[in-house]
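Okay, so here's the structure we're looking at.
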Amino acid sequence: MRIFANPVGGGSLWFDNLATADGTPVAYDPQARAFLPMRPFCANRERIGCNWIAPEEGAFCRSCAMTELAPDPGIPNAIPNWAQTEAAKRWVLDNLGRWHWFRPEDPGARPVFHLLAEGPTPVPMGHAEGVVTISVAEVEPVLVTTRREALDEPYRTMIGHMRHEIAHMLWWRLSLRKDFLDAFRAMFGDERIDYPAALQYHYENGPPAGWQQYYLTSYASAHPHEDWAETAAHLLHLTDIADSFVATGLSSPQMPDAGWDPYTEPDAERLIRIAVTLSFGINHVNRSMGLSDLYPFVLSDHARHKMAFVHNWLRRGAQGL
């Protein structure tokens, strides 16, 4: 994620800013990828702190307009949890916009979001034919830690959920192309195998022996759909880590040059190699403060090949290239 110029003075703005340091209200224009000091603001600005512009006064921004179902405000913490969830959604959508997904120039369908609060029972998160369902309770630290430990996961965040579930939607979009499915099945396997049965087997028996040689996570081994979603999410993680590193003005011998843009890098292997090396360095820095690793994963050769496949399709797929 880039750091943005202040449109009314000196200094910088971060992606979630609602105002400049001197208090001037601003809003983010995802088409221009810049902050503007003028209305119209998103209709959700006061309610959940959305800082994007709207097409007209009283309208929702591009991101909030994708939310078809919002959480029940009568459930405790639903509104503040929803605010954090929408912030994560804006971040991920803007990242994907660097590859032209879901922008005006993208001719395909946009995702529809059902963002739901949890009552007595958990909300099953997932994707079905363009609809992404997310539990907004997944921003609560205690709940996230409890579920992460129960599932033996090294990483669990709302941005991670958004990237994973939107990746399923991206697969659905790409599957409408005649040239995609055969290539996908050659790389990931046949997604037509029984999905519910595969997940049940995974939860009852765990991943196959030696799964680390072929998959990024144990969950990726459950079914080709999950392998794709986990792989795509990790490609988005690493691309954004590298982009954010560049944006802060940090340097590394691994980077091609000071103006390198990870989102325009055509060589997936180079992008992955640089991003992983940067991640290892940041992991080391985090350990100096007793914090968890930023990127607690090891990539096998098989996983890197799959990420390169996803990179190729996500970079060219939105506009049907």
- Query: When the helices in the chain are scored as -39500 (n - 2.57) per DSSP H run of 4 or longer and the sum is shared across all residues, what 222 nm value do you end up with, to the nearest 500 deg cm²/dmol?
  - Reply: -13500 deg cm²/dmol
- Would you mind putting 142-154, 210-222 in packing order, based on average other-beta-carbon counts within 10 Å, highest first? 210-222, 142-154
- Item | Fraction of antiparallel bridges per DSSP, the chain only, in percent to nearest 5 | 55
- Task: For a quick protection proxy, order the peptides 89-100, 195-206, 294-305 by their average other-Cβ count within 10 Å, most packed first.
- Result: 89-100, 294-305, 195-206
- Lone cysteines, the chain (no partner Cβ under 4.7 Å): Cys64
- Got a number for carbon plus sulfur as a percent of region 98-186's accessible area, 1.4 Å probe? 58
- Using alpha-carbon positions, what is the distance between the centroids of region 221-240 and region 1-52, in Å? 31
- Note on the structure: Largest-first semi-axes in Å of the equivalent ellipsoid built from the Cα gyration tensor of region 177-320 are 29, 21, 11
- For region 73-220, diffusion coefficient by Stokes-Einstein and Kirkwood Rh (Cα), 37 °C, 0.692 mPa s, µm²/s: 191
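The values are calculated or read from the model by the stated rules, or taken from the named source; none is laboratory data. Note that the structure is predicted; figures quoted are calculated from it, not measured. All Cβ positions, glycine included, derive from the backbone under ideal geometry; neighbour counts span all protein chains shown. SASA here: full protein model, heavy atoms, side chains in, ligands and nucleic acids out. Shrake-Rupley method; radii C 1.70, N 1.55, O 1.52, S 1.80 Å.
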